[in-house]
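The values are calculated or read from the model by the stated rules, or taken from the named source; none is laboratory data. Keep in mind that what you see is a predicted model, and the values were worked out from it rather than measured. Heads up, the Cβs are rebuilt from the backbone with ideal geometry, glycines too, and the neighbour counts pull from every protein chain shown.
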Amino acid sequence: MRTTMKGLLAVPALVACLPVLNASAAQDLQITPVGPVTFSAARVSLVDALTGSDIGCSSVLRGQAGNDLVINGADFNGCEGPAGITFTISVSVPWGFWMSSYDSTSDSVRGEFTGVKATLHGSDECDATISGPGGGAGTIDLSYSNITGILTLGGGDLVVNTADADCDPGLVNGGDAVSLQGPYNSNPKLTMRPGQPER
């Protein structure tokens with residue numbers, strides 16, 4: 001299944017690292033309430049780490065919360081990059097979720113979305129693909145606050161896998177590291193903590 005997204009941009013990096021749980025604890029995840037969830041952002045960014053270029057757009061992620069969190073839809077709208085270039089991006093879903101740490105003081109979790117791949121087409125006829133290293137599925141780092149209900153994306157291992165001759169090398173090149181960055185509001189507000197999954 002694929003979903004469409006238009007554009008790329010730049011936003012602040014994630015907060016400082018949280019204490020890391022061991023692998024078995026990281027897999028024991030309890031999310032409430034169970035059911036559909038929507039994450040909405042007024043502005044997110046896909047940023048090229050080498051050139052500094054970014055394309056900005058609004059975004060909505062749709063998913064299902066339960067014993068896990070799965071993102072099964074992703075929309076990116078009104079996306080525009082440098083020099084007024086607009087972009088259309090097709091994104092592969094679903095994205096999985098992996099919780100790597102929980103901070104009881106701030107009541108927040110840290111982890112990553114997995115299974116991320118995308119293709120990019122610009123109004124300047126630039127065509128590029130985005131994936132993990134070597135063309136496999138990539139990851140996006142995240143943090144989530146149970147207090148505010150804000151999901152923050154930034155970091156991960158995404159790279160520009162291919163970029164054709166129409167792509168401006170001052171903006172994007174094959175092999176460049178890229179990251180999707182930005183804050184999303186959760187509706188309903190989820191609570192994610194380690195523990196026995198809800199049955």
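When the residues of segment 51-60 are filtered to those that are touching a Gly at 6+ places or on another chain (Cβ under 8 Å) and over 22 Å from Gly149 (Cα atoms), which remaining residue is surrounded by the most Cβ atoms within 10 Å (Cβ to Cβ)? Here the answer is Ile55. Of all the numbered requirements in (1) under 26 Å from Asp176 (Cα atoms); (2) among the polar types (S, T, N, Q); (3) modelled with pLDDT under 85, Ser24 misses one, and that requirement is (1).
In the set (1) among the small types (Gly, Ala, Ser); (2) at pLDDT 55 or above; (3) within 13 Å of the chain's Cα centre (by Cα); (4) outside any strand (DSSP E or B), Ala41 fails one condition alone, (4). Residues in segment 85-106 that are buried (at least 16 other Cβ atoms within 10 Å of the Cβ) and of a type in the set (Val, Ile, Thr) were compared, and the one that is modelled with the lowest pLDDT is Ile89.
Report, by residue number, each residue of segment 125-146 that is of a type in the set (S, T, N, Q) and closer than 23 Å to Ser186 by Cα. Before the answer, list the steps.
Step one: of segment 125-146, the residues of a type in the set (S, T, N, Q) are 129, 131, 139, 143, 145-146.
Once the filter is applied, which keeps residues that are of a type in the set (S, T, N, Q) and closer than 23 Å to Ser186 by Cα, segment 125-146 yields Thr139, Ser143, Ser145, Asn146.
Taken together, the residues in segment 61-84 that are of a type in the set (Val, Ile, Thr) and either surrounded by fewer than 16 Cβ atoms within 10 Å (Cβ to Cβ) or in contact with a Leu (Cβ under 8 Å, 6 or more places away or on another chain) (or both) amount to 1.
So Tyr144 ticks every box in (1) surrounded by 21 or more Cβ atoms within 10 Å (Cβ to Cβ); (2) farther than 16 Å from Ser101 by Cα; (3) of a type outside the set (A, V, I, L, M, F, W, C) but one. Which box is left unticked? With respect to (1) surrounded by 21 or more Cβ atoms within 10 Å (Cβ to Cβ); (2) farther than 16 Å from Ser101 by Cα; (3) of a type outside the set (A, V, I, L, M, F, W, C), Tyr144 is out only on (2).
For segment 79-172, the strands (runs of 3 or more DSSP E) that sit wholly inside it and include 1 or more residues that are within 13 Å of the chain's Cα centre (by Cα) and within 30 Å of Thr32 (Cβ to Cβ) are 87-92, 96-103, 108-116, 138-145, 150-153. Does Gly175 qualify as being on the phi > 0 side of the Ramachandran plot and at pLDDT below 95? For Gly175, the condition - on the phi > 0 side of the Ramachandran plot and at pLDDT below 95 - is not met.
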